[in-house]
1. Give the residue that is nearest to A:G62 (Cα to Cα), with candidates limited to residues of segment A:97-120 that are open to solvent by 40 Å² or more (accessible area, probe 1.4 Å) and under 15 Å from the mean Cα position of the chain (by Cα).
2. State the number of residues belonging to segment A:234-262 that are under 23 Å from A:P34 (Cα atoms) and out of contact with any Lys or Arg (no Cβ under 9 Å at 6 or more places or on another chain).
3. Sort out which residues of segment B:63-78 are open to solvent by 60 Å² or more (accessible area, probe 1.4 Å) and at pLDDT below 95, and write them in order of number.
4. Take the conditions at pLDDT below 90 and either aliphatic (A, V, I, L, M) or outside the structural domain of B:V134 (by TED's automatic domain parsing) (or both) and apply them to B:L190. Does it pass?
5. Hey, could you check segment A:78-110 for residues that are among the charged types (D, E, K, R) and touching a residue at least 40 places away in the same chain (Cβ under 8 Å) and say which is nearest to B:L86 (Cα to Cα)?
6. For A:G112, which of the numbered conditions (1) out of contact with any Gly (no Cβ under 9 Å at 6 or more places or on another chain); (2) at negative phi fails to hold?
7. Confirm whether B:N158 is open to solvent by less than 80 Å² (accessible area, probe 1.4 Å) and touching a residue at least 60 places away in the same chain (Cβ under 8 Å).
8. Listed residues A:K146, A:K178; which is closer than 23 Å to B:G73 by Cα and of a type outside the set (D, E)?
Amino acid sequence: MKFNIRYLLFLLTMGWAVISNAQVKDSIDVADEPFRLVAFDIYLQRGFPTGDNFVGNGFEPGIGFGSRIQFYVYKDIYVGGALTQDYFDVKNPAATGLFDRTTKFNAYLYAGYDYKLNDIWRVQADLGYGYSQNKNRLDSGNGGGKFRDAGNVLRLTTNLEYEFTEGVSVVLTPSYEKVFYDIRVPQAREQQFASGDYLNIGLGVRFNWYDFNNREIKAVDKSLEELQSMDEDEMTIKEKRALFFLEKKERRRQRREARRGG
Amino acid sequence: MIRFTLLLLMILICSCEARLEDDIRASFSTRLLDINGDPVQGAQVTAANYNYVRTISGSRLHKFSIDDDFILGEGITDDNGEVSFLMLVDGGCYINFTESDRLNNLFIPRSQLENNLAVQIPEIRLKQLANVQVEFVNTSGTNQIFTTDFKLESVYCNRVYIDGEVITDPGCEEPLNRSNFFNQSTDDGLFEFEVLFPSVIEVSYTSPSGVEMTQSFAVTQTNQRYEIQY
């Protein structure tokens, strides 16, 4: 399963161009919510190697960290890129080869969908594909040598997001990744070394950037009469604020006309 | 600028790391037997490279030493004398077989792994280490200076895995720590070796007139001495 990263980047770039052009037109009409532009995550994660392969049979559960940045390209659809690094000890060298520990590094691109449950909770799911590398190290008593096992990662990530403010959230990110390794092994071992599976659970912080212009346009676009006719108890904070400023503006306009008339 | 260059140099030196080959594993399997053909249980089998030592002039490669080298794989023989394990790859590798005072060895050249990463050897016989002395005794009173040559199963010569077969390294010569001439003085007839046994030593010696004589000795115990009268 060979991965052509240039081809994927080209597709993502073209996709970005097409849908971001469409988004400019739509955002004028939509939205009483600000449009989320960018989200940036940093998180810690616990990785659990799994499956009947050299990863699942050979590695201990490990810890790691990661960061992601995603751009909202059309409504709730986003694309992004991520980096992760995880550390695993070897529990069974007979399954992996004789080394002591490994550091798994992933770099991948992804696309996903963001669903807003309510004002503070959101869920997202995305699918990513990219490069993965295990940097394996022998213990110091055995020369401390290093070597690498590389491949391509396919990763399904889900996020449960709690928004503290519009700018900062906490995210819980369960994910599953399958790494397709390009390791040359004896034929009898090919199935064991073809791929490795990892289940991860992460907890991190998300920083969000919004386009607040949409909200201002929508609020001001409501007419004063329409807002005044609404029941105050049923009005949102945004509508109350819009009513306040529109009434103030109207009073100023009336004073100006009274001065001219007088 | 000089400080920066020195700093860069230090960083480069510190960041140097020994590397093995990436994205590859091999496997090794065999069955260990003793000299009578019985399986040897509990023998340690170790695959190692030899990257670090033997660069200093005068140092000598001893194939049974694994100090300071990468251990690429290891295993222990079962009740039936069988052993099988995964190996990391770093060029050619040496397989050492040891059980108590019995041992043997094997070198697998890197080229042998190109087409087949699974090295399977039906059986290997464990042998013992013997100190052998061969002494030439001048009983004829000749003043001629002789040269001698030995063919033996030296601990310094590897068995080599080539095209599915194990052969003794044809390019290996016993490293004599003395001249192979004798009868230059009255006490220069003694030659000492470390060999594996059971094995056979073939000794040939040649007179200045070109007359060659050959004798063979069986090595059957840990300390043995042979005398050749000329």
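The values are calculated or read from the model by the stated rules, or taken from the named source; none is laboratory data. Every value quoted in this text rests on a predicted model; they were computed, and no experiment measured them. Counting neighbours? That spans all protein chains shown, and the Cβs are built from the backbone with ideal geometry, glycine included. The area values use the complete protein model at the heavy-atom level, side chains included, leaving out ligands, DNA and RNA. Shrake-Rupley method; radii C 1.70, N 1.55, O 1.52, S 1.80 Å.
1. Per the criteria, the residue is A:L109.
2. First, pick out the residues of segment A:234-262 that are under 23 Å from A:P34 (Cα atoms): A:234-246.
This time we only want the ones that are out of contact with any Lys or Arg (no Cβ under 9 Å at 6 or more places or on another chain), so: A:234-237, A:240-241, A:244-245.
Result for segment A:234-262: 8.
3. To start, the set of residues in segment B:63-78 that are open to solvent by 60 Å² or more (accessible area, probe 1.4 Å) comprises B:67-68, B:74, B:76, B:78.
Residues satisfying the conditions are B:D67, B:D68, B:E74.
4. Working: at pLDDT below 90: no; either aliphatic (A, V, I, L, M) or outside the structural domain of B:V134 (by TED's automatic domain parsing) (or both): yes.
No: the conditions fail for B:L190.
5. In the first step, residues of segment A:78-110 are kept if they are among the charged types (D, E, K, R); the result is A:86, A:89, A:91, A:100-101, A:104.
Subsequent filtering for residues that are touching a residue at least 40 places away in the same chain (Cβ under 8 Å) retains A:86, A:100, A:104.
Working: A:D86: 24, A:D100: 14, A:K104: 21 Å.
Filtering segment A:78-110 for residues that are among the charged types (D, E, K, R) and touching a residue at least 40 places away in the same chain (Cβ under 8 Å), the one nearest to B:L86 (Cα to Cα) comes out as A:D100.
6. Going through (1) out of contact with any Gly (no Cβ under 9 Å at 6 or more places or on another chain); (2) at negative phi one by one, A:G112 breaks only (1).
7. Values: open to solvent by less than 80 Å² (accessible area, probe 1.4 Å): yes; touching a residue at least 60 places away in the same chain (Cβ under 8 Å): yes.
When the stated conditions are applied, B:N158 passes them.
8. Numbers: A:K178 fails: closer than 23 Å to B:G73 by Cα.
Residue meeting the stated conditions: A:K146.
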